[in-house]
1. May I ask you to list the residues in the stretch 49-66 that are within 20 Å of LEU147 (Cα to Cα) and touching a strand residue (DSSP E or B) at 6+ places or on another chain (Cβ under 6 Å)?
2. Which one of VAL193, VAL208 is crowded, with 18+ Cβ neighbours inside 10 Å and farther than 21 Å from GLU96 by Cα?
3. Would you point out which residue out of LEU183, LEU92, LEU108 is at pLDDT 95 or above, over 16 Å from the mean Cα position of the chain (by Cα), farther than 25 Å from LYS206 by Cβ and surrounded by 14 or more Cβ atoms within 10 Å (Cβ to Cβ)?
4. Between residues in the stretch 138-149 that are touching a residue at least 24 places away in the same chain (Cβ under 8 Å) and residues that are part of a loop (DSSP other than H, G, I, E, B), which pairs lie under 7 Å by C-beta distance while being six or more apart or on different chains?
5. Please specify each residue of the stretch 1-54 satisfying the condition of being surrounded by 13 or more Cβ atoms within 10 Å (Cβ to Cβ) and among the acidic types (Asp, Glu).
6. Name the helices (runs of 4 or more DSSP H) wholly inside the stretch 6-112 in which the number of residues that are in contact with a Leu (Cβ under 8 Å, 6 or more places away or on another chain) and of a type outside the set (A, V, I, L, M, F, W, C) is 3 or more.
7. Pairs, please: C-beta under 8 Å, at least 6 apart or cross-chain, first residue assigned by TED's automatic domain parsing to the domain that holds ASP182 and in the stretch 107-122, second part of a loop (DSSP other than H, G, I, E, B)?
8. From the set of residues in the stretch 111-149 that are among the polar types (S, T, N, Q) and under 14 Å from the mean Cα position of the chain (by Cα), which is farthest from GLU178 (Cα to Cα)?
Amino acid sequence: MATTKSEQAYQILRERIMDGTFNPGQRLVIDQLGREHSISSVPWRESLRRLEAEGWVDIIPNVGAVVKTFDTGAWQRTMRLLARIEGLATALAAPELTADDIAHARSLDREMEVALQQYDLARFGSLNREFHEFICLKCDDEHLVDLVRNEWTRLDMVRRTSYFYAPGRPLASIAEHEELLDLIEHGADSPRVEAAMKQHQLNTLKAVARHEESLEGEGTPRR
């Protein structure tokens, strides 16, 4: 089936927002997009309304469309949702993980440890997402996997606006990864695996919240 111009415009915008070509707060100019891609203004307007409905774009009167900027509150809401849906995706994926898959996931954890030792937090973050996506991709519910990916992308966009870091959380996160892999390796039932992943994400949320509160107590403004 042929792809419509509106779908083409939507895919172009969505991919560029997600890969960081278009940053939070950046204005999306229809005339410029039209010249670059030889697509008329109507498909761009339709795609922007679709992206607004999905929460990726804000359409501001007298300004136009801008890439949505996510704040601390948005990060917290995303983490709560991710805890639920990724917990379920992980539980569904667990029976499909082979011994080789688990070994690969453990190798990602070791690479994360090296990244921390080298103070390379960007690489740590990239490896952390790779770990989570690797497991979730084994889930045979494609819609659920897409939902998880979307929320991870929202987290990435938040980090472009404000970097969230809680001392000690990265190492604790790796340890929780290992505990999760132990559960899967030893055939733990689905509710237990789901609860472990859910708690893993909530632990990050709690750690960041405590760190933000401590900064406020010291009189340091939030990032």
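1. Taking the stretch 49-66 and keeping what is within 20 Å of LEU147 (Cα to Cα), we get 49-57.
The answer is LEU51, GLU52, VAL57.
2. Answer to the selection: VAL208.
3. LEU92 is the lone residue from the list that is at pLDDT 95 or above, over 16 Å from the mean Cα position of the chain (by Cα), farther than 25 Å from LYS206 by Cβ and surrounded by 14 or more Cβ atoms within 10 Å (Cβ to Cβ).
4. What qualifies is LYS138/LEU97; VAL145/LEU137; VAL145/CYS139.
5. Within the stretch 1-54, GLU7, GLU46, GLU52 qualify.
6. Ranges flagged: 72-93.
7. Once the first residue is assigned by TED's automatic domain parsing to the domain that holds ASP182 and sits in the stretch 107-122, its partners that are part of a loop (DSSP other than H, G, I, E, B) give LEU121/TYR165.
8. Filtering the stretch 111-149 for residues that are among the polar types (S, T, N, Q) and under 14 Å from the mean Cα position of the chain (by Cα), the one farthest from GLU178 (Cα to Cα) comes out as SER126.
The values are calculated or read from the model by the stated rules, or taken from the named source; none is laboratory data. As the structure is a prediction and not an experimental result, all values here were calculated from the model. Cβ: placed from backbone, ideal geometry, glycine included. Neighbour counts: every protein chain shown.
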